[in-house]
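These notes are about the structure you will find just below.
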Amino acid sequence: MSAPISIQPQPTWSEEDRARADHYALLARLFHTAPDAALLDALVQAGRSLGGTGGEDEGALPQAWAALAAAASSLPLQAVRDEFDALFVSVSKPVVMMNGSWYITGFLQEEPLAELREDLLELGLGRRQGVTETEDHISALAEVMRHLVLTGPDEAGLLRQQHFFGRHIAPWYADFAAALAKAPGAGFYAKVGALLLAFMDIEREAFDMLEASAQ
């Protein structure tokens, strides 16, 4: 569950759905492994169209894109790769944990992971062979959301997205972004965390509005 799912485009997808799916795919990729040169170049290019210009009236997402693109253009590739390893790779406890159970309960392999596995089973999804990360890894969760966006553009699909996001991402994504923001040595990935926070905030607000309209 740690690599983006390959799904053929459907004519029913809106531009908004495509953009949401692309953001989830990017976050899944960036938190699965360190970026390569091609991805850093792609971030710079994306920042030119999605990034803000620094105006006070700009939203958090364009600002986050501009900051991430600037970091991608200014930092050497090896420095970014070294940062990934320093933050997330460890034989014991990493500097920054990327698992939902940790932020919700303070421990790994706890009840939130069991609940997640039940929901994934209902969705017909499972852990891929050879993947070492548990299903509550942020990369895997972002991949599931991308899958749900692209396979459920209708009302029922939107409700599945709302349920999964509200149960397995909303409770902890802000704490994860905060951990990245204050982590020693976090430069590039602090910007990735800011992009995650800005995008997930938009998702949460949209799902909150959906829930309110249904009441």
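The values are calculated or read from the model by the stated rules, or taken from the named source; none is laboratory data. Remember, it's a predicted structure, so these values are computed and weren't measured experimentally. Cβ coordinates were reconstructed from backbone atoms using ideal geometry, including for glycine residues, and neighbour counts include every protein chain displayed. The accessibility values were calculated without ligands, DNA or RNA, using every heavy atom of the protein model including side chains. Shrake-Rupley method; radii C 1.70, N 1.55, O 1.52, S 1.80 Å.
Worth pointing out:
- Residue satisfying all of: in the range 94-120; of a type in the set (A, V, I, L, M, F, W, C), open to solvent by 20 Å² or more (accessible area, probe 1.4 Å) and within 16 Å of Ser139 (Cβ to Cβ); modelled with the lowest pLDDT among these: Leu108
- Inside the range 158-194, residues that are aliphatic (A, V, I, L, M) and closer than 30 Å to Glu122 by Cα make up a count of 6.
- Considering the range 142-155, and only residues there that are touching a helix residue (DSSP H, G or I) at 6+ places or on another chain (Cβ under 6 Å) and touching a residue at least 60 places away in the same chain (Cβ under 8 Å), the residue that is nearest to Ala177 (Cα to Cα) turns out to be Ala142.
- Being assigned to a loop (DSSP other than H, G, I, E, B) and closer than 25 Å to Leu43 by Cα is a property that does not hold for Val144.
- Residues in the range 178-197 that are open to solvent by 10 Å² or more (accessible area, probe 1.4 Å) and within 22 Å of Arg20 (Cβ to Cβ): Lys191, Ala194, Leu197.
- Any hit, the range 85-101, residues being among the basic types (Lys, Arg) and within 22 Å of Ala181 (Cβ to Cβ): yes
- Applying the set (1) modelled with pLDDT under 95; (2) assigned to a helix (DSSP H, G or I); (3) of a type outside the set (S, T, N, Q) to Arg29 leaves exactly one unmet item: (1).
- For the range 16-43, filtering for residues that are among the charged types (D, E, K, R), closer than 21 Å to Phe176 by Cα and buried (at least 17 other Cβ atoms within 10 Å of the Cβ) leaves 2.
- Looking only at the range 150-182, residues that are aliphatic (A, V, I, L, M) and at pLDDT below 95 come to 4 in all.
- The set of residues in the range 145-162 being farther than 12 Å from Arg20 by Cβ and among the aliphatic types (A, V, I, L, M) consists of Ala156, Leu159.
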